[in-house]
Structures are given as structure tokens and as C-alpha cells.
């Protein structure tokens, strides 16, 4: 089974990547790839799909408006695209705005409109994330947003849309704001309304084009946290879309240099989510984030992905902190092919059984993958005539390459390590 991959590419930071890199992706998210380039890549890879970013909950305050206090933060606020829509919302649809619990006078006609700076970060006006307003999925925005998505997809000749920030929870967006500025909506209300809005997006896009794709950046919410099965959470049952992204899969390098490996409980939840999405015929976009030359993290995250992946899941290892989407790259291990998996798991207990009860494992036609997400070192018997994947260098354009080393002794897996083994 080849490794199916995706990439988010919003801004160009490394020039124009070569076609041999770009064309190997299954899905490219974002608007950095021109229409001419997309046509050329479709000829090289007829199966490649391009989906355009359309933020689902927040927009920048348009410039030049006299009726709003605007902060000059000294840095350009993020481009959230669709500027004409932002102008229209601000001028004609302020009833779409999310309200806060308290009240801040002088910010808009309605003193309770969510107009926040530095969301998810310390509350401060000079943040590069200043000048944002937030939208309420319970309002008329629920019907307006699908039209925004359809118009954006059609205008750019894209294959679908990527709905950012469209997850089942709202509280995390405002965790660093004072209580009176936090959104006046519960997570349950938010989850229900966003799921309904995403379903309308999918229906609206497919009215324009039968094979249109709708993905979301949900950062979780796929499976229930209070059970250990792979049944979908209510949000995922209600959001009838093609797939969603988890931006922090298995490993996410921290900006402070700390350990980025997720605890085993969270790792299990994410792999259960892959299994759940495969069962439903939807795509789980698993993105890890780390250094390009951290070979152990690259192997660990890919092996973790392969424990659950089937025909629908997509993988990416972003060689930078999360949400740094200006680079196009490809790693050599993504082009390995172990053949088809022997079985598509119905639970993670099956993976532990294959891994002798001490690791998670999966058998493929030409090899196996093993993962130890725990905190204790484990040792397994050697497999005759087997070789273990090791790596040299970084990306394929930076002399990165795959090396298969013979296994002549029992296989030892320290905490938070994985192994990809080929059997000759």
C-alpha cells in the first residue's frame, strides 16, 4: 500500500517546487498553487486533488472602516482570503457575529460582538493576530458560508474546499481571553451548529459539482473520549463531509524545544480516529510536525499512521512548527510500499495482539510496522530475513534517502519509537 499524502501550502517560502515533488501528493490544500500549475500537475498525476482554504469562523476586520477601533500591530495580520466576503459581512451582516458573555463598548454597534485580538495567545493588542472578528454558526452565517465556499471553489477551478477552524469545540479558541470576552456559546451548541454548517457546505458544493470534496480542520472530535472503541463521536456522525485534519498527530515539536511526543492515551485516541474514519469511508488527515532531520520522529509518526491507515487516510510530516505552511517538501520514506495490509483493524486491541501484547503492530504483504507509544523500553524477537528502515538526510531535494538495515538481533524499541520492517 503506498503512503497517501497531503500538504497545506498557503504562502510561498521556497520558490516554485519542482513538479516531481508537487505531483506526488494526493491532496494539496491552499491557494499558493496557480491555476496554470494545477493544470500541469493534473496531467502528471490525474488523481491529484486541490482544495482551497476558506476559514469557517473568523475574518480580519477590513481596513478603512471608520466605525471600528483598529490596532496597528506593526505586522501584517494573517490573510484569511475572500476579502469581498469580509467586507460584505462587516457592512451588511453583523447579525452573523458571535457574541461574548460580557460587553465591550465602542467596538461595534452591538457591544457584545466578539472582536478579539490575540486569541489562543496572551490577550494583547499588538499581536500579529489582531483585528479579527468571529462568526456564529447558529446565525445566518450557517447558510451564507456554504455559498462563500461554492463561489471560492468555482472561481478558482478547485476540486473542493478546506474549512479551517471547523471543529467540535469553541472554548479553546478563547482560552486566554478574560471571561467576559469569551464566546457566549457552549461546546455542545457549537458542535451541533458547526456539524450542520459543514453538511450544508458539502451539499452546496455537490450541487455545483458531483465529485466536489469538503474537508475540515477539526483537530479532534472523531471518536468518543470516554470509550475505547472506534465508534464516531456525535460531531462526526452529524458532519457529513469527506474528511478532516488533525493538525497534531502523534508528534508536534514544541516551539520551546520540549518533548513533542503525545501521551499514549492521546496517541490511542488518534489512531482509533483513523480506524473510525476508514470504517466510515472518510479521510483522516494526519499531520505531524517536527524537524526534517529528526529521523526517529519521522519513522515514529509514519509507523503510527500505518497502524490504522487504509484507502482513505492521508499523512503529512510538516518540517516546521504547526501552521507554518509556506514550504513544499517530500520525504523519501513516503514512497515505500509494503504492499497491502493483511487486515484493516476493528480495534486497537488487534494491533496489540499482533505486537505480542507489548507494542502496536500491523502486518503487510511485504513487511510490518511496530510502534511503542509508551514510556517503557520493549524488546521483540527478531524476524528472519528482515530489514529495518533507517533514514539519511532530510527531504528528497536535500539528499534524503531510505536505507534498509539487516536485523541480526532482537528488536528493541525505546519509548516513543517506531519501526518499519521489510521482510525479504
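The values are calculated or read from the model by the stated rules, or taken from the named source; none is laboratory data. Predicted, not measured: the structure shown is a model, and the values here were computed from it. Neighbour counts run over all protein chains shown; Cβ positions are idealised from the backbone, glycine included.
Any idea which of 195, 150, 216 is at pLDDT 95 or above, assigned to a helix (DSSP H, G or I) and under 18 Å from the mean Cα position of the chain (by Cα)?
Residue meeting the stated conditions: 195.
Would you say residue 375 is assigned to a loop (DSSP other than H, G, I, E, B) and within 22 Å of residue 264 (Cβ to Cβ)?
Taking the combined requirement at face value, the residue satisfies it.
Could you grab me the full set of residues in the stretch 280-306 that are touching a residue at least 60 places away in the same chain (Cβ under 8 Å) and over 20 Å from residue 419 (Cβ atoms)?
283, 284, 285, 287, 292
Scan the stretch 383-424 for residues that are more than 30 Å from the chain's Cα centre (by Cα) and loosely packed, with under 13 Cβ neighbours inside 10 Å and jot them down.
Result: 384, 385, 405, 406, 408, 409, 410, 412, 424.
Go through the stretch 43-53 and give me each residue that's farther than 17 Å from residue 161 by Cα and within 23 Å of the chain's Cα centre (by Cα).
If the condition is that a residue be farther than 17 Å from residue 161 by Cα and within 23 Å of the chain's Cα centre (by Cα), then 45 is the only one that fits.
Considering each residue of the stretch 333-353, count those that are surrounded by fewer than 19 Cβ atoms within 10 Å (Cβ to Cβ) and in contact with a strand residue (DSSP E or B) (Cβ under 7 Å, 6 or more places away or on another chain), and give that number. First the steps, then the outcome.
Of all residues in the stretch 333-353, those surrounded by fewer than 19 Cβ atoms within 10 Å (Cβ to Cβ) come to 335-337, 339-340, 342-344, 346-347, 349-350, 352-353.
Restricting the remaining residues to those that are in contact with a strand residue (DSSP E or B) (Cβ under 7 Å, 6 or more places away or on another chain) gives 336-337, 339-340, 342, 352.
Going through the stretch 333-353 one residue at a time, the tally reaches 6.
When the stretch 205-218 is examined, which residues are found to be surrounded by fewer than 24 Cβ atoms within 10 Å (Cβ to Cβ) and under 16 Å from residue 238 (Cα atoms)?
Within the stretch 205-218, just 217 meets the criteria.
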